[in-house]
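Take a look at the structure below.
The values are calculated or read from the model by the stated rules, or taken from the named source; none is laboratory data. Note that the structure is a prediction, hence the values are computed from the model and not measured. So basically every Cβ, Gly included, is an ideal-geometry build from the backbone, and we count neighbours across all protein chains shown.
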Amino acid sequence: MAQYVLVPPLKEEDVRKLQLEDTVRIDGTIFGIRDATQIRIFDQNVEPPADLTGAVCLHTAPGVKKLPSGKYQKISIGTTTSTRMDRFVPALLERYKVRVIVGKAGLTEISMEAMQRWGAVYLAIVGGAAALETLQIEEIEEVWWEDLMPECLWKFRVKDFGPLVVAMDAHGHSLYRNVQERAAERIQRLGFT
């Protein structure tokens, strides 16, 4: 297992070199997205106001405070479960060339196939680590679609964001599938099938 520091925007070769269980930290820009953001993009056919080419997208709806200056102060920026946003992943990778999705709980085989085809990875973050994530986000640089608050499109500047684990790589490997297969084998050995 190797360790990497990624600095977006990323190229396909940057993520194709990553292998299952590698450790990753991110420096630079991460975009925060959530269900409502992607519903606007894909179901309502509204182009995102930011260039997502080579982007790292974090599944989040942060807790923030709007300051008199119009900027946002971070209160708690944690990661949400990715599975419910699975249907958006193939188009996010194909149409917008997103290279990394950061989240919890993984994605399905449909997303796995899209990652393999388009050159992207899923990085898992430890659940309940919002306090650490919030510290690693240096600044909220931009916020678009504030009417969707807190599920806006966010632009975060991060330093040493992680550690993140490559849980689904661009070669068709998945930690989630591995765990399910091992669990099924154990259940069968115990005679519960």
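List of remarks:
- Of all residues in segment 157-171 being touching a helix residue (DSSP H, G or I) at 6+ places or on another chain (Cβ under 6 Å) and either at pLDDT below 95 or among the aliphatic types (A, V, I, L, M) (or both), the one that is nearest to L58 (Cα to Cα): V158
- Cβ-Cβ distances below 8 Å connect the following pairs, each with a first residue in segment 1-28 that is on the phi < 0 side of the Ramachandran plot, a second residue that is β-branched (V, I, T) and assigned to a loop (DSSP other than H, G, I, E, B), and a separation of six or more residues or different chains: P9/T53; I26/V7; D27/V7.
- Test: residue in segment 111-119 that is out of contact with any helix residue (DSSP H, G or I) (no Cβ under 9 Å at 6 or more places or on another chain) and surrounded by 15 or more Cβ atoms within 10 Å (Cβ to Cβ): yes
- Condition check for A129: surrounded by fewer than 21 Cβ atoms within 10 Å (Cβ to Cβ) and either without any contact (Cβ under 8 Å) to a residue 24 or more places away in the chain or not β-branched (V, I, T) (or both): yes
- Selection from segment 8-39 of residues that are among the hydroxyl-bearing types (S, T, Y) and closer than 23 Å to Y72 by Cα: T29, T37
- Summed over segment 18-38, the residues that are touching a Leu at 6+ places or on another chain (Cβ under 9 Å), over 19 Å from M115 (Cα atoms) and assigned to a helix (DSSP H, G or I) give a count of 2.
- Subset of segment 35-54 that is closer than 17 Å to I101 by Cα and of a type in the set (S, T, N, Q) - its residue that is surrounded by the fewest Cβ atoms within 10 Å (Cβ to Cβ): T53
- Qualifying residue in segment 97-105 (condition: surrounded by 15 or more Cβ atoms within 10 Å (Cβ to Cβ), in contact with a Cys (Cβ under 6 Å, 6 or more places away or on another chain) and hydrophobic (A, V, I, L, M, F, W, C)): yes
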